[in-house]
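Undergrad: Quick one: this structure, given as structure tokens, is what I'll be asking you about.
Read-outs: derived from the displayed coordinates by stated rules, not from any lab. Quick caveat, the model's predicted, so the values are computed rather than measured. Please note: Cβ atoms are built from the backbone with ideal geometry, for glycine as well, and neighbour counts cover all protein chains shown.
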Amino acid sequence: MPRDYYEVLGVARAADEGEIKKAFRRLARELHPDVNSHDPDAEEKFKEAAGAYEVLADSERRAIYDRYGHDGLRSGGYAPNFDGFGSVADIFDAFFGGGSPIGGFGGGGGRAAGPEQGGDAAVAAEIDLSQAVTGAAVEVSYETIVRCEHCKGNGAEPGTPIETCKRCGGSGQLRAVTRTPFGQVVRAAACDTCHGDGRVATDPCHICRGRGRSVKLTKLTVEVPAGIADGQRIRLVGRGHAGERGGPMGDLYVLVRIREDSRFVRDGDDLVTAVDMSAPLAALGATVHVPTVEGSVELEVPAGTQPHEILIVKGAGMPTLRGRHRGDLRVVINVVVPRRLRREQRELLQRLADTMTDENLRTDEGVFGKLKRAFGA
């Protein structure tokens, strides 16, 4: 049984057309194959979202779905079908790269007469934590749709004419009337001959096969700012897919992933690390070496430091994104009780234990304070 279309898009049943379109665009970028190459189910998730959008973006189909659910759509002969698009990248291009929405349905009117902006592209970039601290220049590669230079984007061999499409009469759309239990429904789809343009080349360009655009592997150096967090995105204007009929290029969204660092845990702009210290040294106090992103620094551990106490190294954390402030390094002191003692070590500890009094063990902390420190709260 298919999932509820409103649940798939994450919108309320009362959502308007703009909210539905915005929700689908967000999902489409999240499920783009360039970002989710590690997820084998990304294409199916995208098609599920596209199927939901195809229904909810069309007022007639949405009304049938709201009243009768999936069974009503099947009775009326509606079934999402994306086989004609090929890969999920083709589906993505159909929605973001100009032309009509998914499958050519829903939107209305004839072909656009003016320029159309190209679709957005997405790519992931992986960096180390140290690069996130200082900022870095990272090279990424991704496939983009570019204007064919041979035909200058018009789809025809240079010097050959472009004629009005005979199949659709220049409208760019094919319409069919379907009889359903709920009455006649007019369905519109992009013309399969001119692909919605309304014109066809008599002699298609042999480079792009008449499409006017081609796919190209693009390499780009991206400046990742200092302080960026895992999962944040960088938008590069005009670095996406080529537009149609002279329209501007879309944008590129770079999803930044930060590799785990075994030495640190990030908490906002602060970094957290742990340092092991033997119980005798914690009692006496000592100078220890603490790792930072730039290298190790010396830290004075005061005498009588208790397990899980936190000491602060000011300004050794993450820089604030596009700011001058820098977070701190929080050092958790992990007091280790010695094991596998030699005879002389045991004797020394026994002598120390014999001298312990209540005064040595007294603390002003209550139970809540001790538990709070132990669990790092």
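Undergrad: To the nearest 0.05, how large is the calculated FRET efficiency for Thr357 and Val332 if R₀ is 41 Å and r is the Cβ-Cβ distance?
TA: About 0.90, to the nearest 0.05.
Undergrad: Rounded to the nearest 5, what % of the DSSP beta bridges within region 265-374 are antiparallel ones?
TA: So the antiparallel bridges in region 265-374 amount to around 65 percent.
Undergrad: Using each residue's phi in region 227-234, evaluate 6.51 cos²θ - 1.76 cosθ + 1.60 at θ = phi - 60° and report the 3J(HN,Hα) Karplus result to the nearest Hz, with x for Gly and Pro.
TA: Values, residue by residue: x, 5, 9, 4, x, 6, 10, 10 Hz.
Undergrad: Give me the net charge of Thr202's neighbourhood, meaning all other residues with Cβ under 12 Å from the Cβ of Thr202; Lys, Arg count +1, Asp, Glu -1.
TA: It works out to a net charge of -1.
Undergrad: Excluding residues on the same chain fewer than 8 positions from Lys21, give the aspartates and glutamates whose Cα lies under 13 Å from its Cα.
TA: Within the straight-line cut-off, Lys21 pairs with Glu54, Asp58.
Undergrad: Something else about it: By how many nm would the segment from Thr221 to Val297 grow when fully extended, if each residue of separation counts as 0.36 nm and the alpha-carbon distance is taken off?
TA: Gain on extension, Thr221 to Val297, equals 24.0 nm.
Undergrad: Using a simple spin-label model with points 7 Å from Cα along the Cα→Cβ vector, what separation in nm is obtained for Ala12 and Arg346?
TA: 7.2
Undergrad: Which ³J(HN,Hα) values, rounded to whole Hz and listed in residue order, are derived for region 157-168 from phi using the Karplus coefficients 6.51, -1.76 and 1.60 in 6.51 cos²θ - 1.76 cosθ + 1.60 with θ = phi - 60°, glycine and proline given as x?
TA: Result, rounded to whole Hz: 4, x, x, 9, x, 10, 10, 5, 5, 6, 6, 10.
Undergrad: Next question, about the same structure. Can you list the aspartates and glutamates whose alpha carbon sits under 19 Å from that of Lys166, skipping same-chain ones fewer than 8 residues off?
TA: The qualifying aspartates and glutamates are Asp192, Asp197, Asp203.
Undergrad: Using the beta-carbon distance between Glu143 and Tyr68 and R0 = 35 Å, what value does 1/(1 + (r/R0)^6) give for FRET efficiency, to the nearest 0.05? Don't skip to the answer; put the middle values down first.
TA: Working: r = 41 Å, r/R0 = 1.17.
Computed FRET efficiency for Glu143 and Tyr68 comes out at 0.30.
Undergrad: Less than 15 Å apart at the alpha-carbon level, and either on another chain or at least 8 residues along: which aspartates and glutamates does that give for Lys314?
TA: Asp267, Asp269, Asp270, Glu294, Glu298, Glu300, Asp328
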